[in-house]
Amino acid sequence: MLLGLLNNISRWAIPLLLLIVPLYGLIKKVPVYESFVAGAQEGFATAVKIIPFLAGMMIAISVFRASGAMDYLALILDPLTTRIGAPSEILPLAIMRPLSGSGVLGMAAELMKVYGPDSFIGRMASVMQGTTDTTFFVLTVYFGSVGIKKYRYAVVTGLTADITGFLASLYICNLLFR
C-alpha cells in the first residue's frame, strides 16, 4: 500500500512541478517564458565561464590517476585504514571522492561488479557516495564561476567534511553490515 503510494508520488512529482511553477508565475503576473529565457542565457554564460576551470581540474585528476600517485597514496594509507576497519579496496574511492564524482561512480560500479552490491565493500561504496562530496569540483566550478580567489579555508573545511563523511560511513557500515 505505502510502496504503491510512494511510486505514484514519485511518478507524478516532476510533471506536477512543471505544471505548478508556471501556473504560480502566471498567477503572480511574472513573465514566465521571458524569465526562463533570461535564466537559461545566464546559465549558458556561467557554463562557458567555468570551462577553463573544469578542463584544468579534469587534467589534474587524469595526471593524478595515470601517474600512479593515487595507488601510492592508497598503499601508504592502508595500514592506518586497516587498523580502523576500512577495507583496502575502498581506499581509491575514498581518495578520489573529493576530486571527481563521475570517476568515483565508475569505481563504485566496478567494486560492486567485483564484490557484489550486497557485500560489505559494495555497501560501503554506496554509503560513501551519499556521505561525502566532490570538494575540489565544487571549489573549482562554483568558486571559479564567481571569481573567488581566496579559498584556502574552504578547502580545509571541505576536506574535513570528506574525512568525517568517510569515517561516518565506515562507522555506519561496520555497525549495520558486519
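Below, the figures for the structure above:
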item	result
Pairs where the first residue, in region 78-89, is charged (D, E, K, R) and the second is surrounded by 14 or more Cβ atoms within 10 Å (Cβ to Cβ), C-beta under 7 Å, 6+ apart	ASP78/SER88; ASP78/LEU91; GLU89/LEU111; GLU89/ILE121
Members of region 35-74 found to be β-branched (Val, Ile, Thr) and under 21 Å from the mean Cα position of the chain (by Cα), listed by number	THR46, ILE50, ILE51, ILE59, ILE61, VAL63
Residue match in region 144-166 (condition: touching a Gly at 6+ places or on another chain (Cβ under 9 Å) and of a type in the set (S, T, N, Q))	no
Subset of region 46-88 (residues that are surrounded by 11 or more Cβ atoms within 10 Å (Cβ to Cβ), farther than 18 Å from SER102 by Cα and of a type in the set (Lys, Arg))	LYS49
Residues (closer than 22 Å to GLU42 by Cβ and small (Gly, Ala, Ser)) located in region 113-157	GLY144, SER145, GLY147
Region 117-160, residues that are of a type in the set (Asp, Glu) and closer than 29 Å to VAL48 by Cβ	ASP133
Helices (runs of 4 or more DSSP H) within region 99-178 that include 3 or more residues buried (at least 17 other Cβ atoms within 10 Å of the Cβ) and not polar (S, T, N, Q)	101-115, 120-131, 152-177
Test: residue in region 22-41 that is aromatic (Phe, Trp, Tyr) and in contact (Cβ under 8 Å) with a residue 40 or more places away in the chain	no
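Since every read-out is calculated from the coordinates, none of them should be taken as a lab result. What you are looking at is a predicted structure, and each value in this text was computed from that prediction instead of being measured. Reconstructed Cβ throughout: ideal geometry from the backbone, glycine too, with neighbour counts over all protein chains shown.
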